[in-house]
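Peer 1: Sharing a structure, written as structure tokens. Questions coming.
Coordinate-derived values only; no laboratory data. Keep in mind that this is a model prediction, so the values were computed, not measured. Here Cβ is always computed from backbone atoms with ideal geometry, including for glycine, and neighbour counts include all displayed protein chains.
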Amino acid sequence: MNYWLVFEKMIVTIVLLLFYNRLSGLRKLAPMTTFDTIGNLVIGAISGTTLLNERVKPKDIFVFVLIWLGILLSIRYLKGTHRVLRNLIDGQPIFLMRDGHLYPEMFRKVNTDSKAIESLLRNKGVTGIHTLDEIIIEPNGQISYTTSKKDDFSQILIDCGQIRAYALKIINQDEQWLRQTLAAHGYSDIDSLFCVEYANDTFWIYADSTDDAGVTYTKIKINH
């Protein structure tokens with residue numbers, strides 16, 4: 001194998017990628033979108049399949065990568081000048097919650113549930129869904145939120161109509177207690193509840209719904 005040839009092609013690829021990075025204005029702080037991921041995968045595929053092929057010369061890989069980078073730059077330019085195209089390629093933020101209203105249908109749209117979102121929020125220091133005004137899935141897949149409240153960590157006791165035994169164990173309660181408590185406040189049908197959050201002797205209940213207006217929580221304070 002001609003290692004010098006491989007080295008030359010590596011240098012060509014790196015130079016072109018640095019050139020693309022400069023022209024596109026990409027920076028480390030800029031979140032990676034699906035479009036960026038696809039672009040990187042294709043560049044990796046082109047480089048990987050040509051580097052070890054001795055019949056492919058450095059000028060060939062230069063042309064291959066340059067063509068693809070030209071396509072990426074053209075699409076990036078069009079995205080910057082056409083909002084419809086940008087939304088089509090990168091997508092739009094998805095509001096799982098807005099103005100305190102939770103949208104169960106949006107959870108289903110992004111194929112997630114309240115427990116998964118709760119875990120992501122806890123990694124960001126959020127104590128519970130009920131403390132938030134907005135939860136947003138950004139086009140790059142990251143989660144963002146707005147809040148002005150603080151509280152202790154909550155537990156999701158019911159997620160998509162399913163009772164979470166582990167969460168009940170954490171708060172030293174059982175399924176019978178949960179069913180009796182909810183039934184006493186008019187919530188005997190567990191299947192109709194999208195999310196039930198609990199903290200500090202308080203329930204925040206979100207009923208399941210496909211309504212475009214979303215649902216806000218019903219707050220129930222438990223008296224011992």
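Peer 1: Could you work out, for the chain, what percent of all Cα-Cα pairs fall into each 5 Å distance bin, beginning at 0 Å and stopping at the bin that holds the largest distance?
Peer 2: Spelled out bin by bin, the chain gives 1, 6, 12, 14, 12, 10, 8, 7, 7, 7, 6, 5, 4, 2, 1, 0 percent.
Peer 1: Once Rh for the range 3-90 is found with the Kirkwood sum over Cα pairs, what is the Stokes-Einstein diffusion coefficient at 37 °C and 0.692 mPa s, in µm²/s?
Peer 2: 236 µm²/s
Peer 1: Using 1/(1 + (r/R0)^6) with R0 = 41 angstrom and r between the beta carbons of Asn172 and Ala116, what's the FRET efficiency to the nearest 0.05?
Peer 2: That pair, Asn172 with Ala116, gives E of 0.95.
Peer 1: A further question follows. Principal axis lengths of the range 94-221 from Cα atoms, whole Å, largest first?
Peer 2: 41, 30, 23
Peer 1: Also, I was wondering about something else. For Ala183 and Glu138 in the same chain, what is the full-extension length gain: residue separation times 0.36 nm, less their Cα-Cα distance, in nm?
Peer 2: Value of the extension gain: 12.5 nm.
Peer 1: May I ask you to compute the full-extension gain from Ile75 to Asp208, defined as 0.36 nm times their residue separation minus their alpha-carbon distance, rounded to one decimal in nm?
Peer 2: Stretched out fully, the Ile75 to Asp208 stretch lengthens by 43.9 nm.
Peer 1: Just the projected area, averaged over all directions, of the convex hull on the alpha carbon atoms of the range 148-224: how many nm²?
Peer 2: For the range 148-224, averaging the hull's shadow over all directions gives 5.7 nm².
Peer 1: For the range 141-208, which trypsin sites (Lys or Arg not before Pro) pass both filters: DSSP loop (anything but H, G, I, E, B) and at most 12 other C-beta atoms within 10 Å?
Peer 2: Lys149, Lys150
Peer 1: Work out the charge dipole of the chain with +1 on the Cβ of Lys and Arg and -1 on the Cβ of Asp and Glu about the Cα centre, then indicate which of His82, Ile170, Ile67 is farthest towards its positive end.
Peer 2: Towards the positive end, the residue furthest out is Ile67.
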